[in-house]
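See structure below.
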Amino acid sequence: MIKRSLNGFIVILFYISLVSISVANTDLGLVKSYAQGFATTAAYMGLESTIKNPAGLATNQDTSSIFNFNDTYSMQIYNGFIGIGTTLTEQSSIALSSPIMYVDGLDSTQLDAGGIGYKTESFTMISLQPRASYSYKLNATTHVGVSGIYLYNQIDTQSAHGFSFDLGFIKEIATFKAGVSLQNIGYTLYWSTDKIETKPVKVNLGLSYMPVNYFEILSDISIIEESTVSNLGSHIMVSSNLELYLGCFDIGNTNQFRTGLSLSIDSSKLSYSYGRNLKLGDSHKIGFEIDF
């Protein structure tokens, strides 16, 4: 009698859990933040801020939209990010956005009568995290933000729904900015298999230093229980139309070096970033923004 392998299903769930941690909740769908090593806890990143620190949305001007897409490390893992945001008042901004992940070619296995596993078919996985984000300027140097996030995952014929919240804070002190954000607050994912998935709160601490008005140095650390990830980045305004980025993600561990640039033309901006993972290979990302 042939039956679906329980071990194979467990491996798939473990794989998806890793993907969810390293992709959907971080920067692989982003472009500018990715190029700066994702060291953006204390940075004003506009719509991309909704992924790590919603307080950074505060400088979003008028109404803007963003679209990013990439094939991550040529592994049939496709990541994207879409969003639209607008200012409500001189002190507040709101945005709707979502990272998108699509994984193709996952293998389903079964056990034969002798207990030997073999591939029977392939299936896909989809992960969406649409969110509503709000930022508020408390005073000339302090911004706060919050994101309410709807969670949706689908693996083969199984699906999951849930919710979580992010909170953010950025404080400017002379040429420095300090940022703090809390993510995965109340994270609960309810699977159609009756499995309930939770995550611990993630704490991001960041610092930004701008010695001159065209050059910014960024650093931050992300803490999840006993695990930490340290990042470093930089942002150079070459001209009013050209920006350059350089960064390193996960310093001291995977040491993923990244770079990128943005070219502004009138009310639109085209961005490109490149990153290399020594184990996974190269990743190229393209993003487009437009202000209305």
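The values are calculated or read from the model by the stated rules, or taken from the named source; none is laboratory data. No experiment lies behind these values; they were computed from the predicted model shown. Using ideal geometry, Cβ is built from the backbone for each residue, glycine included, and neighbour counts are taken over all protein chains shown. When the accessible area is computed, the model is the full protein with side chains, heavy atoms only, and any ligands, DNA or RNA have been set aside. Shrake-Rupley method; radii C 1.70, N 1.55, O 1.52, S 1.80 Å.
Values computed for the structure shown
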| read-out | value |
| --- | --- |
| Dipole of the range 84-189 [Lys/Arg +1, Asp/Glu -1 at C-beta], most positive-end residue of 141, 187, 151 | 141 |
| Residues residue 122 and residue 88, FRET efficiency given R0 of 30 Å [Cβ-Cβ distance, rounded to 0.05] | 0.05 |
| Mean shadow area of the range 248-292 over all directions, Cα convex hull, nm² | 3.6 |
| From the coordinates shown, Rg and Dmax of the Cα atoms in Å corresponds to which of (1) 19.9, 71; (2) 19.0, 61; (3) 19.8, 62 | (1) |
| Charge dipole magnitude, Cβ of K and R +1, D and E -1 - the chain, Cα centre, debye nearest 20 | 280 |
| Accessible area per residue, Å², the chain with all protein chains present, probe 1.4 Å | 48 |
| Alpha carbon centroid spacing (whole Å) that separates the range 226-292 from the range 91-150 | 20 |
| Among 70, 204, 255: highest mean-square fluctuation, GNM of the chain, C-alpha pairs under 10 Å | 255 |
| Reach of residue 32 by Cα under 13 Å, taken over aspartates and glutamates that are not fewer than 8 positions away in the same chain | 48, 243, 289 |
| Helix-only CD estimate at 222 nm, as mean residue ellipticity for the chain, using -39500 (n - 2.57) per DSSP H run (n ≥ 4) | -1500 deg cm²/dmol |
| 37 °C / 0.692 mPa s Stokes-Einstein diffusion coefficient of the range 183-278, Kirkwood radius on C-alpha pairs, µm²/s | 204 |
| Cβ-derived FRET efficiency at R0 22 Å, residue 69 paired with residue 280, nearest 0.05 | 0.75 |
| √(5λ) per eigenvalue of the Cα gyration tensor, the range 88-188, largest first, Å | 44, 14, 11 |
| Qualifying aspartates and glutamates (Cα of each under 14 Å from Cα of residue 279; at least 8 residues distant if same chain) | 250 |
